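Everything below concerns the one structure shown next.
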Amino acid sequence: MTLSEGRHRRGDVIIAGMGVVGREVSTALSNAGFEYTTVDLVENSTTDGVGNATERQVLRVAGITDAGTMVLALPDDTATISATFAIRELNPRIEIIARANERENVSKVYRAGADYVLSIAAVSGRMLASIVLDEEILSPDTQLKLV
């Protein structure tokens, strides 16, 4: 994996997986003024590095040993679990925030070493319920508030 020059500055946050979820994370971080590095299997305009986030060398080149936070927005839960093990081995102090596609895999991702795991189905369900219940937890402009 090589990092592209000039697209993004390397930052304290690494985002792996630049599909819909990863792009949303990067947009929110950009809007908040955060620096970050992105990694994906496919090179595109939002990707700093091309490679598999389960491979230790790819993680090293992305800066995993110095990063403070890793966001795993991978579309495959098995890959998320494998990447979590690798990340935790390379940087025991890093905060790992992971996406889980299947609710039953949430506990597996936690056991692999993630600090926070969000199930897409659970978050979506909570968002829909909050609209019905007219709760302020989620608003149309923010969609999700993490405290």
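The values are calculated or read from the model by the stated rules, or taken from the named source; none is laboratory data. Just so it is clear, the structure is predicted and the values come from calculations on it, not from any experiment. Glycine also receives a Cβ, built like all others from the backbone with ideal geometry; neighbour counts cover every protein chain displayed. The accessibility values were calculated without ligands, DNA or RNA, using every heavy atom of the protein model including side chains. Shrake-Rupley method; radii C 1.70, N 1.55, O 1.52, S 1.80 Å.
Just to be sure before I move on: is A28 assigned to a helix (DSSP H, G or I) and touching a Ser or Thr at 6+ places or on another chain (Cβ under 9 Å) in the structure I sent?
On the way: assigned to a helix (DSSP H, G or I): yes; touching a Ser or Thr at 6+ places or on another chain (Cβ under 9 Å): no.
Considered against the rule, which asks whether it is assigned to a helix (DSSP H, G or I) and touching a Ser or Thr at 6+ places or on another chain (Cβ under 9 Å), A28 comes out as no.
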| query | So which residues in the stretch 82-113 are open to solvent by less than 10 Å² (accessible area, probe 1.4 Å) and touching a residue at least 24 places away in the same chain (Cβ under 8 Å)? | reply | A83, T84, A86, I87, N91, I94, I96, A98, V109, A112
| Some residue of the stretch 64-72 being touching a helix residue (DSSP H, G or I) at 6+ places or on another chain (Cβ under 9 Å), open to solvent by 10 Å² or more (accessible area, probe 1.4 Å) and closer than 13 Å to G22 by Cβ | yes
| query | Hey, A53 hits all of (1) closer than 19 Å to Y116 by Cα; (2) hydrophobic (A, V, I, L, M, F, W, C); (3) in contact with an Asp or Glu (Cβ under 7 Å, 6 or more places away or on another chain) but one; which does it fall short on? | reply | (3)
